1. Would you calculate the separation in nanometres between label points at Met114 and Val176, each defined as 7 Å from the Cα along the Cα-to-beta-carbon direction?
2. With springs only between Cα atoms under 10 Å, which of Ser146, Ser138, Ser54 fluctuates most in a Gaussian network model of the chain?
3. What FRET efficiency comes out for Thr35 versus Asn191 if R0 is 45 angstrom and r is the Cβ-Cβ distance? Round to the nearest 0.05.
4. Distance check, please: which entries in Lys8/Lys70; Lys216/Lys279; Lys82/Lys216 exceed 27 angstrom between their Cα atoms?
5. Report, in degrees rounded to the nearest 10, the 0 to 90 angle that the Cα long axis of helix 53-67 makes with the longest principal axis of the chain.
6. Before anything else, pin down the relative contact order of the stretch 1-69: Cα pairs under 8 Å, at least 6 apart, normalised by residue count, whole percent.
7. Which residues does a label at Val241 reach in the stretch 272-304, if reach means a backbone N under 16 Å from a point 7 Å past the Cα toward the Cβ?
8. Taking Cα pairs under 8 Å and at least six residues apart, what relative contact order does the chain come out at, in percent?
Amino acid sequence: MSFTAEVKDELAHVPPECSHCEKATLAALVRIEGTLFVSGPGHYRMEVATDTPSVARLVIRLLHTLYRLKTELTVRRSVLHKTPNYLIEVVAQPGLADALRDMGVLSADGGLEMGVSPDLVRKKCCAAAYLRGAFLGSGFISSPKSDFHFEVTVESEPLAQGIVEVLARAGIEARVMQRRSSYMVYLKSGNAILEFLAFAGAHQAALLMEQERVVKSVRNDVNRQINAEMANQNKAASAAVDQIFAIRQVVERHGMENLPPALQEFIRLRVTYPDASLKELGERANPPLSKSAVYHRVRRIEQLAREAAD
């Protein structure tokens with residue numbers, strides 16, 4: 001099961017906090033996943049499609065309990081994806097038009113409502129319920145083990161902007177991007193996605209995502225530290241090779257016995273411990289030397305090597 005499916009399954013089982021929350025959830029689901037058919041003035045039928053079984057059960061239950069509407073369920077299997085798709089048909093019947101108006105799908109004069117009805121999201125719990133329905137309808141969230149990505153796709157810009165405004169009231173910043181004939185509401189940061197999951201009621205998913213964020217953070221810190229250490233080791237190794245090359249030039253030009261004792265000691269240490277850092281060479285000297293003292297001898301060797309090359 002994908003992470004999106006896990007989140008939808010969890011959200012489909014969030015209990016309502018007030019008597020209007022379930023209407024808000026159903027309203028968002030119908031607005032996003034529903035298709036309305038008009039056969040004449042005041043004559044409607046509707047279809048709601050989803051590929052998540054828990055969402056299909058939720059839609060059917062809410063249509064029955066809230067509005068006493070009759071539904072027919074058809075399970076279709078995609079030959080291409082080999083996954084079932086659930087088609088919920090709400091046949092033409094008394095009470096459907098009133099239900100559509102109550103859910104903010106139809107206006108009082110029978111026209112289509114384009115945005116989010118303020119009455120549906122007036123309370124904080126109902127706003128969370130509406131966002132649950134929106135995600136249950138067309139939400140996508142990437143696995144927390146990959147790059148963070150979250151989106152809800154809707155058919156109209158007013159509805160997309162309405163969802164953005166509901167999110168903003170909860171302190172969650174979202175943006176809208178047009179994608180062909182649809183509009184995508186997306187969250188651009190891991191923090192915003194976590195806030196959405198917590199606000200909508202997907203606490204288990206939020207916990208899993210937070211755990212993965214911690215793992216990613218630790219892994220990135222370890223990788224940065226390893227890369228820094230490798231870079232330092234490579235730098236030290238390159239410097240040691242340059243020092244040994246300079247030592248060969250100096251010894252060939254002046255002879256080991258003609259060099260000052262301090263330089264002779266450094267040369268013996270560097271040749272004996274070619275992989276050691278300057279600090280480690282200083283610790284092996286007798287008596288021990290500071291890193292700056294060793295570096296001073298390196299600079300003297302390099303100067304003599306340049307003179308020998310001229």
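Coordinate-derived values only; no laboratory data. Remember, predicted model here, so these are calculated numbers, not experimental data. Note that each Cβ is placed from the backbone with ideal geometry, even for glycine, and that neighbours are counted across all protein chains shown.
1. 0.9
2. Of Ser146, Ser138, Ser54, the Gaussian network model singles out Ser146 as fluctuating most.
3. For R0 = 45 Å, the calculated efficiency reads 0.80.
4. Those over the limit are Lys216/Lys279; Lys82/Lys216.
5. The angle comes out at about 40 degrees.
6. 34
7. Backbone N within reach: 274-276.
8. 15
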